[in-house]
Each structure stands twice: as structure tokens, then as C-alpha cells.
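Enquirer: Dropping the structure in here first, questions after.
The values are calculated or read from the model by the stated rules, or taken from the named source; none is laboratory data. These figures come from a predicted structure and were not determined experimentally. Backbone-built Cβ (ideal geometry, glycine too); neighbour counts: all protein chains shown. Accessible surface areas use protein heavy atoms only, side chains included; no ligands, DNA or RNA. Shrake-Rupley method; radii C 1.70, N 1.55, O 1.52, S 1.80 Å.
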Amino acid sequence: MLLIQIIIAGFFYNEFINRKKLQFIESQLQESRALEKLTNNSRKDFIEAQSYLQKYMISQDNKDLKLYFQSLGKLKYNFDKINENENIAPRLENSVAMHQKDTLKVTRFKTLIDSVYQVSLKPPVTIENQKIEPEKYKNNFEDLNIQTHTFSDTIKKKGLMGRLKDAIAGKVDVQKESTVITLTNNKVADLSKVKSEMNNTIKSMDRHYSTEIKKIQLHTAQNQKNMMLFYGNFNKLLIYSNGLINVYENAVKGFKSDLEKELEKQNSINNKIRNYLVLGLMILMFMVSILIMYFTRVAFIYEWKLNAANKEIKNNLNFKNRILGMLSHELRSPLKIINIFIDKINRTTHDETTKEYLKSIKFTNSTLLIQSNQILEYTKNQHADQKLVKTVFNLKDEISSIVTAIKPYIETRNNKFIVSDRIPENTVVYSDNIKINQLLMNILGNANKFTENGQIDLTMETARIDENTISLTTVISDTGVGISESDVGKIFEPYYQGMISDEIDNLGAGLGLNLCKEIVELFNGEISVSSKLYKGTKIIFRINLNISNNGNAN
């Protein structure tokens, strides 16, 4: 069952803790997809910037240049967003650093945009903006008049169908026009001079346009150089933008690829753990089921054996009760006869010592007779709780009778028996004198059993509890072998005899003090023992007794 709990705990750990890992990886994967979208947008913005730049190079329209810088601004915004995620995710930063081959930075990109924008405000002068003034030449053609006459032949104009017919037939009649230019001079013309002037004029024009063409060529070369420098900045900006896009695009793709692999790996691990745990749980549950079936079978066997043993015990108890009942019944008659003979001997003798002995013998015999009656009652109703059988008696006289009966037994082991009776005269109580007899006989008998050539002290005193109750406190101490500290706490357990028991003869069954404790509890009292090995034992008990006034029980 402990292993099953461990597996269940492992299952919950796998489902909750590893699930958090998966959620973290999935969140990073979503971020990588968002970054991938940013890189795709950056690529689109870069293409738009290229397109607007090409339009501007052709049209020289500032609107196209403005749109070009707007596209670069969008590109810069995308780079800033990627840079923010790079600062948050160390793995993305490492991926960017791994794909970055030069010192490409977004901050440098912004500086480059600003620089190119400032350059764009001062574009180079184009050729079309320069005006070429033709040189004025002095000539002598003011007296020349030019007249132009145009002549055309007459062809009848045909309609559409006629023209189509002629076109199909291959007949083409076209109206022809002729132009006649007449040049007249108001003066007398010198043809050689006119020719010379014409030649000079043409040469002068050739020199002029040759010089202008050279100027234009020089200007074009300088302008081309300026344009190359001007558009070179734009080209550098585009190259730089493309480099940044490639760096971030490769970094984001690598970051996304690593996350996808890690997610797949973590899912695989979780599935393996889950499968192993479920398989282990099934195996353990199967083993537990087998164990439960086995122990259930064992329990049924033990239950059958227990029922058989209980039946045998019940039979033995019935047999024991029959023996006890028969013995107690058969003992009563001899004990009664012994009391009769004691009374006869007491009446016929005049020796006071003998009478005292006879009195003790009769007390002891009467005690045995009462106990045999109690045994007989117990065998008749063995399941009834033990209780006090109360009668009215004089407490001091009862204690004196017990002391008188036990004293000869104590003296058989050469022990001194010192009694301190502080019970007031005429203390009449309503209680169980037989239980008090058993209590004192057992404790004094134990003290005498473990003491030889020593001393046994008995001290008794009463105290008023309330109007109807008194307490009897009894202290019994001896100078015997004592009890070890380890045995003192177990002395009231049934059948416990202690570690010194092998040195004492006639130990008994070890039920005396346990019985005494039960009797004291019947009187709502308490009992305690203090002892040291080879230094004697002291037993103190207190019992509560009801007071009887004029023979009536309160």
C-alpha cells in the first residue's frame, strides 16, 4: 500500500510539476511563433522599402522616399519588439549571439536610418536641372527670305466600302503632296561668300556643341559619382537591414526549433513516466489483490481455528466452573463442621492462649467459608461484574480480627509485626468486610512471603471526606528483599512475579497485587508501591467507606 501511495504521488508529481514545465515551454513556443511572425513582417517591410527606393530612383518623387522611410520605421519597430523578447529570454539572446557574425545592433540601425534620412534631404543635382544656353553667332543671313509652297494632286476621295474594295484588289491610289522652298536674297548674292559663311557657321556650331557635350560628360560623370554616393547610403542601409533580418530570422527559427524539440522531449518523458507509473500501479494492484486473497484465506483459516479454540475454551471453562462449583460446595460442609468443633473446644477449655488461637482459627475458617460461597456464586454467574457485597460492621473490630488471624502466620518466619491502629472506636461502616479482609491478607501475606527475620509495619488511620463517607488509609511496609525499579511499574500486572522470584519459595500465581488493585478500585480508592532492591517495600492504599449510624446504612 505504501508503494501504491508512492506511485500515486509520483503520478501527481508528473501531472502537475512536469505539466508546469510543459506550460512554460509552450508559452515560450508561442512567443517564438510571435517572433517568427515579426521576422516575416520584417521581410515584407524590407521588400516594400526596396520597391519604394527603386520607384524613387526613377521618379525622384519625395512621396516614394517618404514611404521608403516609413517601411524602414516599421522594420525598426519589429527589431525593437524582437530585442525586448531577447532581453527577457536568455535562450533567445544566446541564439541571436550564435547567429550574429558581426556587431549588428538595432541601435546602430536606428543611427543609420537617421543618417540616410539627413542625406536624402540634399539630393545631387540632376542633368535635367541644368539649362544649356545656345551661343549666339553673328551671321549675314538677315537679308534672306524663305518661302514655302505645298502642292497635292487631285484624287477622288472614296467611301469606306470603296477603300475596302481597292484594298482587297490591291489597288492603292494615294494622294501625293509636294513642298517647294524658295530662298531669295534682297541683295546681290556672292555665292562663294555665302558658302564660306555657311561653312564658318557650321564649324562654329560644331565647336560650341562639342564643348557643351564635354561639359555635359564631365557633369554627368560627377553627377554619377554623387548619385552613387547618395544611393550608396541607401544601399548600405538595405544591406544592413537584410543582415539584421537574417540574424533575427535564423535566431528565431533556431529558438523555435529548440523549443519544439524540448517540448517533444518533455512530452515523451511525461508519457513514459505516466505509462510506467500506470503499469507499476496495475502490477502492484494485482499483487495487492493476490495478497488480499491470500490473507483473506489465512484469516478464514484463523477464524475457523479461533472458533474451534473458543469452543474448546468454553468447554474447558464449563468444566472448570463445574469443578470449582463442586469444590466450593463440598468445602462448605467441612468448614462449617470445623467451626462447630472450634466452638465446642472453646467452651470446654479455660486456657486463654488456646482460646485466642481458636478465635484466630475460627476467623480464618469463616473467611474461607465466605470465599467458598463467593466462588460458588461466581461459577453460577461468571459474566457478572465484580461488585461490593455490603454489610454493617465495626471497622476497628474487623481490622483487629484480621490482625489477630494473620499475626501467627507472620511470626512463623521470625518477623516482628508492629501494628499502629489509629481508627477511632465505634467506627461503624456499611461496606464489604470480605473485600477488606482479602485486601489486607494478600498484601500482608506478600510482605511476609518476601521477608524473613525482619519487620513488617501496619499503619491505619481514617479521615472524614463528607457527612456520609470516610477514607481508610493503610500503609504496609517491610524490610524484605524489595523490588527492582524495572519491576515496580509492572507489579500490578496479572501473573507478574518480578526478577527476584527464583530466590523465593512458594511464590503462587502472581495474582495477589492485581486482585488488590481491582478491590481498591471497587472502593473508589487508589494504591501505590515504592521499593528498592534488598531494602524493603512500602505499599499504600486508600479506600472509601460509607458511615453507618445506629446500624443503618447511609
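Enquirer: Identify, from the list Leu306, Leu331, Leu335, the residue that is in contact with a Leu (Cβ under 9 Å, 6 or more places away or on another chain), open to solvent by 60 Å² or more (accessible area, probe 1.4 Å) and on the phi < 0 side of the Ramachandran plot.
Expert: Only one candidate qualifies: Leu331.
Enquirer: Is it the case that some residue within segment 299-319 is over 22 Å from Phe363 (Cβ atoms), assigned to a helix (DSSP H, G or I) and more than 60 Å from the chain's Cα centre (by Cα)?
Expert: yes
Enquirer: Return the residues of segment 322-350 that are farther than 21 Å from Thr367 by Cα and part of a helix (DSSP H, G or I); say none if nothing qualifies.
Expert: Arg322, Arg347, Thr348
Enquirer: Which pairs turn up if I take residues in segment 413-429 that are in contact (Cβ under 8 Å) with a residue 12 or more places away in the chain and within 16 Å of Asn446 (Cα to Cα) and look for partners that are open to solvent by 80 Å² or more (accessible area, probe 1.4 Å) and part of a loop (DSSP other than H, G, I, E, B) with beta carbon separation below 9 Å, at least 6 apart in sequence or on another chain?
Expert: Hits for this filter: Arg413/Glu452; Arg413/Asn453; Asn414/Glu452; Asn414/Asn453; Asn415/Glu452; Asn415/Asn453; Asn415/Thr479.
Enquirer: Give all pairs with beta carbons closer than 9 Å in which a residue from segment 518-544 that is on the phi > 0 side of the Ramachandran plot meets a residue that is in a strand (DSSP E or B) and among the polar types (S, T, N, Q); count only pairs at least 6 apart in sequence or on separate chains.
Expert: Asn524/Asn544; Gly536/Gln455; Gly536/Ser477
Enquirer: Applying the selection to segment 247-266, what residues are open to solvent by less than 80 Å² (accessible area, probe 1.4 Å) and free of Cβ contacts under 8 Å to residues at least 12 places away in the same chain?
Expert: Within segment 247-266, just Ser257 meets the criteria.
Enquirer: For segment 56-76, which residues satisfy the criterion of being open to solvent by 50 Å² or more (accessible area, probe 1.4 Å) and at pLDDT below 75?
Expert: Met57, Ile58, Ser59, Gln60, Asp61, Asn62
Enquirer: Take Glu411 and decide whether it is charged (D, E, K, R) and under 60 Å from the mean Cα position of the chain (by Cα).
Expert: It is false that Glu411 is charged (D, E, K, R) and under 60 Å from the mean Cα position of the chain (by Cα).
Enquirer: Could you tell me which numbered condition Lys37 fails, if it satisfies all but one of (1) under 15 Å from Asn83 (Cα atoms); (2) at pLDDT 75 or above; (3) over 38 Å from the mean Cα position of the chain (by Cα)?
Expert: Against the list (1) under 15 Å from Asn83 (Cα atoms); (2) at pLDDT 75 or above; (3) over 38 Å from the mean Cα position of the chain (by Cα), Lys37 comes up short only on (3).
Enquirer: Could you grab me the full set of residues in segment 452-463 that are touching a Ser or Thr at 6+ places or on another chain (Cβ under 6 Å) and over 29 Å from Asn544 (Cβ atoms)?
Expert: Gly454, Gln455
Table: residues versus (1) in contact with a Cys (Cβ under 6 Å, 6 or more places away or on another chain); (2) farther than 27 Å from Leu38 by Cβ; (3) open to solvent by less than 80 Å² (accessible area, probe 1.4 Å); (4) at pLDDT 80 or above.
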| site | (1), (2), (3), (4) |
| --- | --- |
| Tyr231 | no, yes, yes, no |
| Ser268 | no, yes, yes, yes |
| Asn275 | no, yes, no, yes |
| Val278 | no, yes, yes, yes |
| Leu284 | no, yes, yes, yes |
| Tyr294 | no, yes, no, yes |
